[in-house]
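See structure below.
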Amino acid sequence: MIEGAVWLKAGREKKIRHLYPWVQRGEIARVDGSPTDGGLVRLFAHDGVLLGIAIYNSRSRFPARVLTLQDEAIDEAFFAQRLEYALHLRQRFVTDTNAYRLVFSEADGLPGLIVDRYANYLVVQVRTLGMERLKPLWLPALIETLAPEGILERSEMESRREEGLSPFTGALYGQVPEQIPIIESGLQFLVPTADGLKTGFYLDQRENRRQLARLVQPGERVLDMFCYTGAFALYAARAGASVKGVDILPEAIALARQHAEMNQLQAEWEVANAFEWLPVAAERGEGYDWIILDPPAIAKRREERESLRWALWKLVYHALPLLNPNGRMLVCSCAYQMDLSLMVDTVRLAAHDRRRALYLEDVSFQSPDHPFLMQFPESLYLKCLWLRAG
Ligand code: SAH
């Protein structure tokens, strides 16, 4: 099962012992035993001390990803144990929903594997060749631990190419319906499995939706920009607000409409491009007490940080005139490359250019079923600023 050994350069073992799971190419002194890509290797410090077992891929920017810091068998029982622990954490920390992220890759000790649970179904994403090759071990463990009715794989991300994997979508077990009904905080949603974004639903925003529902007042006007299937808008509508959701995807708006009906809530919906819609709505003189800006991650690479910054500036700059005096704004970024301080700076600049006082009242992150392991900064990606305009 173990195909070889990777020896690190002197000093590089520290970060591994401190729980950072990725080894860069330049940190490797030598590779013994010609392991195949996606195979398992033992990881050694330069002085010969065993650090753990890693997944190897010579093609990746990170040729070794740590699976365990113990010298243990990597078998079905290993995966069952990790899955049971992940499940135990969710059962303790995730409440009032039958949909949550069960496995968040490295942050749950399973590098390259995402598992989202939607009622009795699972939707998985496999991001690395190593996890793909380990499928015969983790898939039975997943079936055993969760006893789902069906498991769908939705592995369409661009980053698979670098791993030597092509996109794949298909059932891994049982049958999965095209739409899975879920209930989050008492609201009903349908999760589109075949063509939905991500694995179908933005589970990572759950706690932020709940926070919005706690803060919004009956009668307030709420704009949910980038609303996807309407989740934020519907939480606000249930709290008594008058809501409008805007998204560029007609399929998402169609589903948002259906969600409003299913939950017997009133809402207005519009298919539009945010960057065009915001300035036009300002010209029409529209005003809102709340604006939610939850744009997609338009950039994945470090070099694209400037375009992320520019897009965020533009959104806030065009949203501010739509915000009533003392209006609140929730600005989110799910782009890892846009860190919190860059976000704060960018939003400040937009407020400055509008000469509008803007108060930062709170900061929040992805929901706890997407754990942020502090030693692994890459596991923090969603940041939200809770703002109030003067
Ligand atoms: N807030 C949503 C998730 C938003 S994901 C939720 O909680 O469910 C980002 C959304 O932005 C996607 O639905 C995507 O269709 C939409 N989108 C992408 N580019 C857009 C644009 N230029 N204008 C409006 N919507 C856009």
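The numbers here are math on the coordinates, done by the rules we state, and not lab data. Bear in mind that the values here come from a model prediction, so they are computed numbers and not experimental data. Every residue, glycine among them, receives a Cβ derived from its backbone with ideal geometry; neighbour counts consider all protein chains shown.
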- Excluding same-chain residues fewer than 8 positions from K383, which lysines have a Cα within less than 26 Å of its Cα? K15, K198, K244, K300, K314
- Any chance you could run the full-extension gain for N98 through I183? It's 0.36 nm times the residue separation minus the Cα-Cα distance, nm to one decimal. 30.0 nm
- Query: Just for the chain, what percent of DSSP beta bridges are antiparallel, to the closest 5?
  - Reply: 65 percent
- Quick one: net charge around A350, please, counting Lys, Arg +1 and Asp, Glu -1 for every other residue with C-beta under 14 Å from its C-beta. +4
- Item | Pairwise label distance in nanometres, N326 with S341, each label 7 Å out on the Cα-Cβ vector | 3.4 nm
